[in-house]
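The values are calculated or read from the model by the stated rules, or taken from the named source; none is laboratory data. Not measured: the values here are computed from a predicted model. As a convention, Cβ positions derive from the backbone with ideal geometry for all residues, glycine included, and neighbour counts pool all protein chains shown. Just the protein is used for accessible areas: all its heavy atoms, side chains included, with ligands, DNA and RNA removed. Shrake-Rupley method; radii C 1.70, N 1.55, O 1.52, S 1.80 Å.
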Amino acid sequence: MTLIDRLRLIVVTDADCGGRDLVDVVRAALRGGAPAIQLRMKGAAARDMVEMAHALLAETRPAGALLFVNDRVDVAVIAGADGAHVGQDDLPVGAARRVSPPGFLLGVSAESVELALQAEAEGADYVGVGSVYATGSKADAGEPIGLGRIAEVAAAVNIPVVGIGGIAIGNARAVVESGAAGVAVISAVMRADDPESATRELLRATTL
């Protein structure tokens, strides 16, 4: 499976998963075929993040899925995750490369063509572009950028583009049709009544 295949759907974790255990929800998403999981624990202690990363790796590795850690490159490296996803205020790609092992994957949030090109030049493996649609899952998401920006960024860079923000089963296909390699979702899986089925439907929606 290529990196582009693995980036077709990134399920991003959220503490709010309908009162269910987070690992149980991730396990269900993996049963549904999720090729990548991103551990997102805003404001959590590094020790807690490492413990959760180990718990998720016990699920992702047998399933053949990737595990990324949001923001914290150090946690990702210590836990043995496959990669990290960083924002514009996090550790720069160059610095992240210096402290990470060979083959470590790095995604970078980039809401503009300029930022995406910079991330690519610095060695990012993919860029996350958003928020595509309005979302309540990320307080710092800002105004929606729309499908046009996805198309602009995808045309400008040679690395995969992943759309994020407000993406659900009903609008995921449009994001991929605009040029994205895949989508990253939070509530569409983490708060779904049936995370396994929701994952399968998202994968069908993003298959062109």
Here region 106-122 yields Karplus 3J(HN,Hα) values (6.51, -1.76, 1.60; θ = phi - 60°; whole Hz; Gly and Pro given as x) of 10, x, 10, 6, 8, 8, 9, 4, 4, 5, 5, 5, 5, 4, 4, 5, 7
Toy charge model, Lys and Arg Cβ at +1, Asp and Glu Cβ at -1: region 1-70 dipole around Cα centroid in debye, rounded to 20, equals 180 debye
Of 121-130, 74-83, ordering from highest average Cβ density within 10 Å down gives 121-130, 74-83
Under the helix-only model (-39500 (n - 2.57) for each DSSP H run of 4 or more, divided by the residues of the chain), the mean residue ellipticity at 222 nm, to 500 deg cm²/dmol, is -12000 deg cm²/dmol
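Tally up the carbon and sulfur contribution to the accessible surface of the chain as a whole percent, 1.4 Å probe, everything protein left in place.
Percent of accessible area from carbon and sulfur atoms in the chain: 50.
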Descending accessible area (1.4 Å probe), largest on the left, turns Met190, Met1, Met52 into Met1, Met52, Met190
HN-Hα couplings for region 72-86 via Karplus (6.51, -1.76, 1.60; θ = phi - 60°), in whole Hz with x for Gly/Pro, come out as 9, 4, 4, 5, 4, 5, 5, 7, x, 5, 7, x, 9, 10, 10
Given Cβ charges of +1 for Lys and Arg and -1 for Asp and Glu, the option among Ala65, Met49, Ser109 whose Cα lies farthest towards the positive end of the dipole of the chain is Ala65
In nanometres, the difference between 0.36 nm per residue of separation and the alpha-carbon distance of Asp21 and Arg98 is 24.2 nm
Applied in sequence order to region 149-164, the curve 6.51 cos²θ - 1.76 cosθ + 1.60 (Karplus, θ = phi - 60°) yields integer Hz couplings, x standing for Gly and Pro, of 5, 4, 4, 5, 5, 4, 6, 8, 10, 10, 10, x, 10, 10, x, 9
Simple spin-label estimate for Ala58/Ala151, 7 Å along Cα→Cβ, in nm, reads 4.7 nm
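Output the relative contact order of the chain, whole-number percent, from Cα pairs under 8 angstrom with separation of 6+ residues.
23 percent
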